[in-house]
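Take a look at the structure set out below.
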Amino acid sequence: YVTQGRVLHGDTVAAILDRLGVHDPDALDFMRSDRIGRTIFRQLVPGRILQAECDGRGRLARLRYFSGTASILEIRRSANGFTSRQRALSDSPRLVYKTATIDSSLFAAPAAAGIPDAIALQLARIFGTDIDFHVDLRQGDRFSVVYEMLYDSGERVGPGRVLAAQFVNAGHTYQAVLFKDDKGEDAYCSLDGASLAKAFLRSPVQFSRISSGFGRRIHPIFKK
């Protein structure tokens, strides 16, 4: 049996495997102890895809985790036990361009435009030092984004990185372009070359999905 599912907010590896019909303590123990296998615990990001192949008793034969970095983490059962490897996707990423206008929340607009939640999350992180997405959004704000869609052997496995984006908030335009920093890691800068990696986010509350809309709020103490 082959089952596939997406990582949900608050998921654990054990919970995902159970949801995929995998009931194999030996496989979970291997992932916890194996150098490559245990990286799945650190890369469990909402929206990413896991695919499990197991027998009728729920024993794992193969697990594939699409990490969102143009690579796949694979775990296989063999006659000698489990093996693991990290390999590159067989297909090159395809570029997607989308644009959307904010009507209620950061996630309602991307959903209406067919933009994955994982891309909306990246936008929130990229522009989070300039825009407080809890309170700064305005009706009519708009954004455009170019991002990767990842494929393996012709099968779409999910979104990759945001390559470039523009966000217009309350009439002010913010832009970001992907580049490699001095350490060779992905980072973003504005079109004038200034890094967007600042010390503090506008919103000090770490979020995973901003679903609330904007509008009037009642102060809990002053009732205004």
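The values are calculated or read from the model by the stated rules, or taken from the named source; none is laboratory data. Owing to the predicted nature of the structure, the values given are computational and were not obtained by experimental measurement. Here Cβ is always computed from backbone atoms with ideal geometry, including for glycine, and neighbour counts include all displayed protein chains. Accessible surface is based on the protein model in full, side chains and every heavy atom, while ligands, DNA and RNA are left aside. Shrake-Rupley method; radii C 1.70, N 1.55, O 1.52, S 1.80 Å.
Before moving on, here are some points about what is shown:
- For the residues Ser92, Ser105, the requirement of being more than 30 Å from His134 (Cβ to Cβ) and either crowded, with 16+ Cβ neighbours inside 10 Å or free of Cβ contacts under 8 Å to residues at least 60 places away in the same chain (or both) singles out Ser92.
- Positions within the range 132-155 being of a type in the set (Val, Ile, Thr), assigned to a strand (DSSP E or B) and either open to solvent by 30 Å² or more (accessible area, probe 1.4 Å) or touching a residue at least 60 places away in the same chain (Cβ under 8 Å) (or both), in sequence order: Val146
- Asp18 of a type in the set (D, E, K, R), open to solvent by 60 Å² or more (accessible area, probe 1.4 Å), in contact (Cβ under 8 Å) with a residue 12 or more places away in the chain and farther than 24 Å from Leu150 by Cβ: no
- Flag for Gly10 being surrounded by fewer than 17 Cβ atoms within 10 Å (Cβ to Cβ), of a type in the set (Gly, Ala, Ser) and in contact with a His (Cβ under 9 Å, 6 or more places away or on another chain): no
- Selection of the range 162-171 for residues being in contact (Cβ under 8 Å) with a residue 24 or more places away in the chain, of a type outside the set (Phe, Trp, Tyr) and buried (at least 16 other Cβ atoms within 10 Å of the Cβ) yields Val162, Leu163, Ala165, Val168, Asn169.
- Considering residues of the range 38-58 that are assigned to a loop (DSSP other than H, G, I, E, B) and more than 19 Å from Thr3 (Cα to Cα) only, the residue modelled with the highest pLDDT: Arg38
- Filter result for Ala14 (at pLDDT 90 or above and closer than 23 Å to Ala88 by Cβ): no
- Positions within the range 1-37 being in a strand (DSSP E or B) and either over 16 Å from the mean Cα position of the chain (by Cα) or farther than 23 Å from Arg87 by Cα (or both), in sequence order: Val2, Thr3, Gln4
- In the range 172-207, the residue that is modelled with the lowest pLDDT out of those that are part of a loop (DSSP other than H, G, I, E, B) and surrounded by 13 or more Cβ atoms within 10 Å (Cβ to Cβ) is Phe207.
Here is a yes/no grid of residues against (1) among the acidic types (Asp, Glu); (2) in contact with a strand residue (DSSP E or B) (Cβ under 6 Å, 6 or more places away or on another chain); (3) closer than 23 Å to Ser71 by Cβ:
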| position | (1), (2), (3) |
| --- | --- |
| Ile102 | no, no, no |
| Ala124 | no, no, no |
| Thr129 | no, no, no |
| Asp132 | yes, no, no |
| Phe143 | no, yes, no |
| Gly154 | no, no, yes |
| Lys183 | no, no, yes |
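- Residue within the range 74-86 that is open to solvent by less than 50 Å² (accessible area, probe 1.4 Å), assigned to a strand (DSSP E or B) and hydroxyl-bearing (Ser, Thr, Tyr) present: yes
- Condition check for Gly158 on (1) assigned to a strand (DSSP E or B); (2) open to solvent by less than 30 Å² (accessible area, probe 1.4 Å); (3) modelled with pLDDT of 80 or more: one failure, at (3).
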